[in-house]
There are 2 protein chains.
Amino acid sequence: MDKYTIRNTLPTDYQRVISVMIDWWNGRDLRYMLSKIFFIHFCNTSFIVEAEDQLLAFLVGFMSQTDDNVGYIHFVGVHPEFRKKGIGRELYSQFFNKCKLNKRRIIKSCTSPVNKLSIAFHQRMGFLIETGDGVIDGMPVTLNYLGVNAPKVLFRLEI
Amino acid sequence: MDKYTIRNTLPTDYQRVISVMIDWWNGRDLRYMLSKIFFIHFCNTSFIVEAEDQLLAFLVGFMSQTDDNVGYIHFVGVHPEFRKKGIGRELYSQFFNKCKLNKRRIIKSCTSPVNKLSIAFHQRMGFLIETGDGVIDGMPVTLNYLGVNAPKVLFRLEI
């Protein structure tokens, strides 16, 4: 792996991230889920990975304001050509460190049951899958977690 | 004005709020901007107004995690038949109190230049409009605040 740098996000990163999402998500258009608001108000817990000027990965997360023991990972993407090189693990590690600084001991995240890569990644990272109220492709899901007919696999990790 | 109650939002409020938005926004479909994530992780700074079982209004806000002096109001809606009765002002007052408890002295929000009701409301509440980098309908706007071709009127109030 060539050298790369990790830094906190800036509002100006939003357009770069949005512009790669359809490609990185294999044609799925999830851009509507990633409001620029996150790039304005949650910069300290969100990260960009770059090599020279190329965007390699990003993580958008925040500290839950409902549960002061929880850090939430909202969106993570890694450039398809730079996967399986430890970049995702490094991003999560940076986020976990921020959570510890903020006295958060539980990390939560979720993904769609169709996203097998994300499910496998979270399992490798030690996340447990919450029981939920349904099963899709053999995977426990929470059927209406982010809205009606939007079943999600919910992840939870104690750090 | 009949009696109404104000309480913090719950995740289960999301579907009710989403179901009224097109109607309350006069046909504009802004539902994609209001992720359920806000109803899960920002409950303590978000509010629901009800009279018996009827939804009268809501406010979704949070404490900025980039700027620890800022509270941000993300979305506010009042039932069209219950406007001009002080409900919006009461919601903002509740949010301001939360901001003071969290040592926030600056409230920020934004709206589309087309939303004259929202602009007038914020001006009555004492918000200043940030200078921005453009003008639409005589109103200063920030052209790419929430994305390219999504100009917004930015509000700021010191409390």
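Find the chain A residue whose Cβ sits closest to the rotation axis that carries A onto B, and give that distance in whole Å.
With distances in whole Å, chain A gives A:Tyr32, 2.
Can you classify the stretch B:1-68 as rounded, prolate or oblate using the Cα gyration tensor, where a ≥ b ≥ c are the square roots of its eigenvalues, rounded means a/c under 1.5, and otherwise it's prolate if a/b beats b/c and oblate if not?
oblate
I need the calculated FRET efficiency for the pair B:Asp137 and B:Ser19, taking r as the beta carbon distance and R₀ as 35 Å, to the nearest 0.05.
Working from the Cβ atoms, E equals 0.70.
For A:Arg105, go 7 angstrom from Cα along the Cα-to-Cβ vector, then report the distances to that same point in the other copies in nm, smallest first.
Relative to the other copies, A:Arg105 has label-point distances of 3.6 nm.
Could you work out, residue by residue across B:147-158, how many beta carbons of other chains sit within 10 Å of that residue's beta carbon, and then give the average as an integer?
1
If the chain between A:Glu52 and A:Glu90 were fully stretched, how many nm would it gain, using 0.36 nm times the residue separation less the Cα-Cα distance?
Taking A:Glu52 through A:Glu90 to full extension adds about 11.9 nm, to one decimal.
Over the C-alpha atoms of the stretch B:1-144, what are the Rg and the largest Cα-to-Cα span, Dmax, in Å?
Every Cα atom of the stretch B:1-144 included, Rg and Dmax give 15.0, 45 Å.
Counting only other chains, and only Cβ atoms inside 10 Å, what mean value do you get across the residues of B:57-64?
What the average comes to for B:57-64 is 2.
For chain A, what % of the accessible area comes from carbon and sulfur atoms, probe 1.4 Å? Present the calculation step by step, with values, prior to reporting the outcome.
Details: 3820 of 7750 Å².
Here carbon and sulfur together make up 49 percent of the probe-accessible area.
Mean separation of Cα pairs under 8 Å and 6+ residues apart, divided by the residue count of the stretch B:65-112: what relative contact order is that in percent?
Details: 31 pairs, mean separation 30.9, N = 48.
RCO, the stretch B:65-112: 64 percent.
Residues of B:5-12, mean number of Cβ from any other protein chain within 10 Å of their own Cβ, rounded to a whole number?
If you average over the peptide's residues, the count of other-chain Cβ atoms is 1.
How big is D, in µm² s⁻¹, for the stretch A:26-111 by Stokes-Einstein at 25 °C and 0.890 mPa s if Rh is the Kirkwood radius over C-alpha pairs?
Answer, rounded: 180 µm²/s.
Got the A:Gln54 label distances to the other copies yet, label 7 Å along Cα→Cβ, in nm, shortest first?
Listed shortest first, these distances are 6.0 nm.
At 222 nm, what value in deg cm²/dmol follows for chain A if DSSP H runs of at least 4 each add -39500 (n - 2.57) and the sum is divided by all its residues, to the nearest 500?
One gets -7500 deg cm²/dmol as the mean residue ellipticity at 222 nm.
Charges at C-beta only: +1 for Lys and Arg, -1 for Asp and Glu. How large is the resulting dipole of chain A about its Cα centre, in Debye rounded to 20?
In total the dipole reaches around 320 debye.
Give me the compactness ratio for the protein assembly as shown, meaning the Cα radius of gyration over 2.2 N^0.38 Å.
Against the compact-globule rule of thumb, the ratio is 1.02.
Given R₀ = 35 Å, FRET efficiency for B:Leu101-A:Ile159 by Cβ-Cβ distance, to 0.05?
0.80
Could you list, in their original order, any pairs among A:Lys36/A:Lys84; A:Lys3/A:Lys100; A:Lys108/A:Lys152 whose Cα atoms are separated by more than 23 Å?
Long pairs (Cα-Cα over 23 Å): A:Lys36/A:Lys84; A:Lys3/A:Lys100.
What is the packing order of peptides A:6-13, B:71-78, taking the mean over residues of other C-beta atoms within 10 Å and listing the highest first? Write out the running numbers ahead of the final one.
Details: A:6-13: 15.8, B:71-78: 22.1.
Per-residue mean Cβ counts within 10 Å order the peptides as B:71-78, A:6-13.
Can you list the aspartates and glutamates whose alpha carbon sits under 20 Å from that of B:Lys85, skipping same-chain ones fewer than 8 residues off?
Reachable aspartates and glutamates: B:Asp2, B:Asp23, B:Glu50, B:Glu52, B:Asp53.
Mind ranking B:Trp25, A:Trp24 by accessible surface for me, highest first, 1.4 Å probe? Mind showing how you got there, number by number?
Numbers: B:Trp25 35, A:Trp24 15 Å².
Sorted descending by solvent-accessible area, the residues read B:Trp25, A:Trp24.
Measuring nothing but label to label, 7 Å from Cα along Cα→Cβ, what are A:Asp23's distances to the other copies in nm, shortest first?
Relative to the other copies, A:Asp23 has label-point distances of 4.4 nm.
Consider just the alpha-carbon atoms of the stretch A:64-159 and return their Rg together with their Dmax, both in angstrom.
Cα radius of gyration and Dmax of the stretch A:64-159 are 13.6, 37 Å respectively.
Under the definition of Cα pairs under 8 Å and six or more residues apart, what whole-number percent is the relative contact order of chain A?
16
The values are calculated or read from the model by the stated rules, or taken from the named source; none is laboratory data. Values in this document were obtained by computation on a predicted structure and should not be read as measured data. Note that we place each Cβ from the backbone using ideal geometry, even for glycine, and neighbour counts take in every protein chain shown. SASA here: full protein model, heavy atoms, side chains in, ligands and nucleic acids out. Shrake-Rupley method; radii C 1.70, N 1.55, O 1.52, S 1.80 Å.
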